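Encoded as structure tokens, the structure appears first; notes follow it.
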Amino acid sequence: AWYRDVLGFEEERRFRIDRADAEVAFVRKGPLRFELFEVVGAAALPAERRSPPADLRTHGTKHLAFQVADLDAFLATMEAKGADIAMVVREGFGKGCFLRDCAGNLIEFVEQPD
């Protein structure tokens, strides 16, 4: 529900993988599609993976990143939806933010400089 309610994704398909005790959902928004897993008894995301600076020090896949046209407007929308904003960056190379999804996974949103 988080990806639908906060980011506007639509669920395309849902199914179960019994041997993994997992529910799987394919979601989409425009041309972008990905799959989400909910696994019974899964370990919680470690604290160091919930913080953008600390996560950079952990090997492995980092996070999804999306481009937004106007970061300030995007942040206002996310705040109104009660999104967990982990960090906002405003630097010479550009500006962006990190949100945490319902499981604590980081998602980056970047406004490209002119």
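Scanning segment 80-105 for residues that are within 16 Å of LEU56 (Cα to Cα), touching a residue at least 40 places away in the same chain (Cβ under 8 Å) and touching a helix residue (DSSP H, G or I) at 6+ places or on another chain (Cβ under 6 Å) yields one hit, PHE98.
When restricted to residues that are closer than 22 Å to LEU36 by Cα and out of contact with any helix residue (DSSP H, G or I) (no Cβ under 7 Å at 6 or more places or on another chain), segment 59-79 contains 9. Quick check on segment 40-48. Is at least one of its residues exposed (fewer than 10 other Cβ atoms within 10 Å of the Cβ) and of a type outside the set (A, V, I, L, M)? There is at least one residue in segment 40-48 that is exposed (fewer than 10 other Cβ atoms within 10 Å of the Cβ) and of a type outside the set (A, V, I, L, M). On inspection, ALA20 fails the criterion of being surrounded by 11 or more Cβ atoms within 10 Å (Cβ to Cβ), free of Cβ contacts under 8 Å to residues at least 12 places away in the same chain and either under 18 Å from LEU106 (Cβ atoms) or out of contact with any Asp or Glu (no Cβ under 8 Å at 6 or more places or on another chain) (or both).
Of the strands (runs of 3 or more DSSP E) lying entirely inside segment 16-114, those carrying at least 2 residues that are outside the structural domain of ASP5 (by TED's automatic domain parsing) and of a type in the set (Lys, Arg) are 94-100.
Checked against (1) surrounded by 15 or more Cβ atoms within 10 Å (Cβ to Cβ); (2) of a type outside the set (Ser, Thr, Tyr); (3) free of Cβ contacts under 8 Å to residues at least 40 places away in the same chain; (4) within 18 Å of ARG49 (Cβ to Cβ), LEU75 passes all but condition (4). Flag: PHE66 does not match the condition of being within 17 Å of the chain's Cα centre (by Cα) and modelled with pLDDT of 95 or more. Would you mind stating whether VAL68 is buried (at least 16 other Cβ atoms within 10 Å of the Cβ) and among the β-branched types (Val, Ile, Thr)? Yes, satisfied.
The values are calculated or read from the model by the stated rules, or taken from the named source; none is laboratory data. As the structure is a computational prediction, the values presented were derived from the model and not from experiment. All Cβ positions, glycine included, derive from the backbone under ideal geometry; neighbour counts span all protein chains shown.
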